[in-house]
1. Sorted by accessible area (1.4 Å probe), largest first, how do K71, K23 line up?
2. Under the rule of at least 5 residues apart or a separate chain, name every residue whose amide H is placed under 5 Å from the amide H of I117.
3. Under a 10 Å cutoff between Cα atoms, tell me which one of D197, D212, D32 has the largest fluctuation in the Gaussian network model of the chain.
4. Please give the FRET efficiency for E116 paired with H39, using the beta carbon to beta carbon distance and R0 = 22 Å, rounded to the nearest 0.05.
5. Could you sort D34, D193 by their accessible area in this structure, using a 1.4 Å probe and putting the largest first?
6. Taking only Cα atoms, what is the 0 to 90° angle, nearest 10, from helix 122-133's long axis to the longest principal axis of the chain?
7. In a shell of Cβ-Cβ distance under 13 Å around A5, excluding A5 itself, what net charge do Lys and Arg (+1) and Asp and Glu (-1) give?
8. Sort E105, E116 by heavy-atom solvent-accessible area, probe 1.4 angstrom, most to least.
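The values are calculated or read from the model by the stated rules, or taken from the named source; none is laboratory data. Note that the coordinates shown come from a computational prediction; the quantities given were computed from them, not determined experimentally. Every residue, glycine among them, receives a Cβ derived from its backbone with ideal geometry; neighbour counts consider all protein chains shown. Surface areas here come from the heavy atoms of the whole protein model, side chains and all, with no ligands, DNA or RNA. Shrake-Rupley method; radii C 1.70, N 1.55, O 1.52, S 1.80 Å.
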Amino acid sequence: MAITAAMVKELRERTGAGMMECKKALTEVDGDMDAAIEHMRKTGLAKADKKAGRVAAEGKIEIAFSDDGKKAAIVEVNCETDFVGGGDEFGGFAANVAKAILENEPADVDAINELEIEGGTVDHVRRELIAKIGENIGVRRFQVVNAAGKLTHYSHGARIGVLVDVEGGDEELGRDLAMHIAAVKPQFVSADDVPADVLAKEKEILIAQSQDSGKPADIIEKMVEGRLRKHLAEITLVGQPFVKDPDMTVEKLLASKSAKVAGFVRYEVGEGIEKKEENFRDEVMAQAQSAK
């Protein structure tokens, strides 16, 4: 059967695939539209599996809230390029995943794969999206927060997402704290939340740095204690200077509002992922060679 332009156009509209891929699929099944769609799905999913090893360090942070605002889910969903990360299809998938996590509170990332979203399980929809878009896509991490106080969020574009649980204060305070956390990146709420092994390791490093000072042991101990206090102030939310008023610490800001932070989550797209750096010219040449 002759494959017409109208047939290719219809298959493109139904699958979202490229023109040449649609024409090839129709040719292989002698123009049978439904068979072409099935063929493309099968071959596409097979290709999706091959893309699983590719680095996906772009994407977006998505947040979903319960109707009463007392519970929220934050999730990082990754792809390979910021172009895809800003697309509607990828964004819709991330939003559906966040809602499914909020409703089901899965035990871990692997359990997310079996959750139901529009079109099937998360894993099935993810693989179909990989086949269609042509990039590796994955759900990297998530957290569900049940508020002790009031949940506030802040999103800096799609790349940084913050959830903060504040007891007391007002809406403006919650918003300011979320923006501060996004900008300054505290690791813990207060010194009481810093694990003992983290403290011990930092103290060990500070002692080693002070050994060559030639000062007596008691002086070194005081130096180390001072530097450790400074380090704790830098990595804890309450110890940091408030981003909108550096003359005031966050601890003093909270005291002035009779409030406290029960907890927070800060996610940034791709943090901690080792990205593969490629020369653009070499990348284009490699694609040209593969096309041959």
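1. Working: K71 45, K23 100 Å².
Largest accessible area first, the residues go K23, K71.
2. V122
3. Its mean-square fluctuation being the largest, the pick is D212.
4. E(calc), rounded to 0.05, equals 0.25.
5. Working: D34 100, D193 80 Å².
These residues rank, largest area first, as D34, D193.
6. The angle comes out at about 60 degrees.
7. Value of the local net charge: +1.
8. From most accessible down to least: E116, E105.
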